[in-house]
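Reviewing the structure listed below.
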Amino acid sequence: MSVYTKPITEIIQNRFSCRSYLKVPVDSEKQQMLQAFISDIRVGPLNTSVRYDLLAAENRDRKALRGLGTYGLIKDAAGFVVGAMGPGNKNLEDYGYRLEQIVLYLTDLGLGTCWLGGNFTRSSFARKIGATTEERLPAVIALGIIADEAQARQSAMRQSVGADTRLPWENLFFDGKFGASLSRQKAGPYALLLENLRLGPSASNKQPWRVIQAGNAFHFYLQRTKGYPPALVKTVLQIEDLQRVDLGIAMCHFELTASELGLLGCWMVQEPPINKPDALCEYTVSWEID
């Protein structure tokens, strides 16, 4: 049984990056519902240990958000969802997957959210949740009561420079090999899964996901953006590999839609013999149809 009260496609379409909130707390019932939801999350789909907590916003949190560019301009957030992940080959993907599940739950509750990616491992957020030396915090979620939804959506578009634009279908999804676009007709019932994946948020709206349908599987690849983030910035700010987190978000949208439509399958990590277009393209995971 779904934990969401609305169709997942509707929730995905309603989500946007909200940076301005009413200066009021989230009501206690919604806080309790959220806390109950996140307390059940202990592991990602690729078996990394993850955990999340709901924290009330404090003035000192602004310091933890410095250096994040426009993402630092969060006004009157009521709180943050902060998580920690353990070590693992696919830990960033697992972290992104589970945190996006939480974002969609918050959206279903009628709350505004904004992804804040960077490196919070040594921040006040890490201290608040008692992060261990083995745990890392690659992103947090700001949340609160949306101040003015129409204005907030317009502001999100201006600040994100094309946040509501997406790469076209034919640039993202392929039939058997890279370069051979997958038609919606060929995708069949999986077309909605891929479309909901296409609508996912990503760091700087780079949309690094690529998917190949081959036989009874969908193979997910990370197409890295050349020079993103600049090497100097990544070194100085110690920014996490957020494009891997983006792949986790894509996985989340794909699987939640599959579950709602009754399209059974499972994740597996086994790279297929498919030629990649360049050195910036990396295999991540496959969805095998049952």
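The values are calculated or read from the model by the stated rules, or taken from the named source; none is laboratory data. Here the structure is a predicted model, which means the values were calculated and not measured. Ideal geometry is used to build each Cβ from the backbone, glycine not excepted, and the neighbour counts take in all protein chains shown. SASA here: full protein model, heavy atoms, side chains in, ligands and nucleic acids out. Shrake-Rupley method; radii C 1.70, N 1.55, O 1.52, S 1.80 Å.
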Gained length - E271 relative to V24, 0.36 nm times residue gap less alpha-carbon distance: 84.1 nm
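Report the local net charge at I11: Lys and Arg +1, Asp and Glu -1, summed over other residues whose C-beta lies under 12 Å from its C-beta. It would help to have the intermediate numbers written out before the result.
Values: positive: K6, R15; negative: E10, E100, D108, E260.
Value of the local net charge: -2.
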Could you run the Karplus curve 6.51 cos²θ - 1.76 cosθ + 1.60 with θ = phi - 60° over the range 98-111 and give me ³J(HN,Hα) per residue in whole Hz, x for Gly and Pro? 5, 5, 5, 4, 5, 4, 5, 5, 4, 4, 4, 6, x, 9
Given [x] 20.6, 82; [y] 18.3, 54; [z] 19.8, 62, which label gives Rg and Dmax of the Cα atoms in Å as computed from the coordinates? [y]
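If the chain between Q32 and A214 were fully stretched, how many nm would it gain, using 0.36 nm times the residue separation less the Cα-Cα distance?
Details: separation 182, 0.36 × 182 = 65.52 nm, distance 4.30 nm.
Fully extending the segment from Q32 to A214 adds 61.2 nm.
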Pop out the ³J(HN,Hα) list for the range 32-45 in order, Karplus 6.51 cos²θ - 1.76 cosθ + 1.60 with θ = phi - 60°, rounded to Hz; leave Gly and Pro as x. 5, 5, 5, 4, 5, 5, 6, 5, 7, 8, 10, 8, x, x
Would you grab the residues whose amide H sits under 5 Å from the one on T113? Only those 5+ places off in sequence or on another chain, please, with H modelled 1.01 Å from N. F16, C18
Here the FRET efficiency for T121 versus I289, based on Cβ atoms and R0 = 30 Å and rounded to 0.05, is 0.20
Show the residues, 5+ positions off or on another chain, whose built amide H is closer than 5 Å to the amide H of A78. L143, G144, I145
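For M268, what charge total do you get from the other residues with a beta carbon under 12 Å from its beta carbon, if Lys and Arg give +1 and Asp and Glu give -1?
On the way: positive: K90; negative: E271, E288, D290.
My count for the surroundings of M268 gives -2.
Give me the accessible area per residue for the chain, probe 1.4 Å, as a whole number in Å². Mind dumping the intermediate values first?
Values: 13530 Å² over 290 residues.
Accessible surface, normalised per residue, equals 47 Å².
Taking the DSSP beta bridges in the chain as the whole, what percent of them are antiparallel, to the nearest 5? It would help to have the intermediate numbers written out before the result.
Details: 38 of 43 bridges.
Of those bridges, close to 90 percent are antiparallel.
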Nearest 0.05, what FRET efficiency do K226 and Q13 give at R0 = 35 Å with Cβ-Cβ as r? 0.70
Using the Karplus equation 6.51 cos²θ - 1.76 cosθ + 1.60 (θ = phi - 60°), what ³J(HN,Hα) coupling, rounded to whole Hz, does each residue of the range 73-88 give in order, writing x for Gly and Pro? 8, 9, 10, 6, 4, 7, x, 9, 9, 10, x, 9, 10, x, x, x
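Scan the chain and hand back the longest stretch that contains none of the GluC sites (Glu not before Pro) lying in DSSP loops with at most 16 other Cβ atoms within 10 Å.
Working: sites that count: E58, E134.
Looking at the chain, 135-290 is the longest stretch - no exposed GluC sites (Glu not before Pro) with at most 16 other Cβ atoms within 10 Å.
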